[in-house]
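One structure is given here, and the rest of the page talks about it.
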Amino acid sequence: MKAKYKLALGSFGLGLLVTACPAFADCSGLPNQASLKTAVAKAIDDSNGGLAFNMWATLVSNDGTVCAVAFSGGAFTDQWLGSRVISAQKANTANAFSLGSGTPAKSAFPHGLALSTANLYSAVQPGGSLYGLQHSNPVDTALKVTRQM
């Protein structure tokens, strides 16, 4: 059964990022929403040391365009609704602090560098070089997407 509802972009645990796309890419070369839903559902089934809660996932292109949002449960209420925002913010942050393949050849990372939010943990703690980063990624609560899932 398809349900129509408003989905404020965001989410829990998985903020997925694709860095292999050219600058200002569209979403055509990225996994679609069905593939993302399959991947996030599989992550719940894998023994990864987590709590095995249902979660949300957001996929963004390297220009920050939200390409897909998915959840692992059978219905959108099977996971924490507030975690939608967290997922989108994590995807945006990972994208904002990653480099594509255009880095200089003499760089320590000549083929690019993709950081997850876990890589930024110590730097965003009080006294860290990125402390306060959470305030640079505000959520536009007026932005909503209506779609069928």
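Please label the shape of segment 37-77 as rounded, prolate or oblate, based on the square roots a ≥ b ≥ c of the eigenvalues of the alpha-carbon gyration tensor (a/c under 1.5 means rounded; beyond that, a/b larger than b/c means prolate, else oblate). Prolate.
Gain on full extension, evaluated as 0.36 nm per residue between K106 and D26 minus their Cα-Cα distance, stands at 25.9 nm. Summarising the amide proton neighbourhood of C67: residues at separation of 5 or more, or on other chains, whose placed amide H is nearer than 5 Å comprise L59, V60, S61.
Every read-out reported here was derived from the displayed coordinates using simple, explicitly stated rules and does not represent laboratory data. Every value quoted in this text rests on a predicted model; they were computed, and no experiment measured them.
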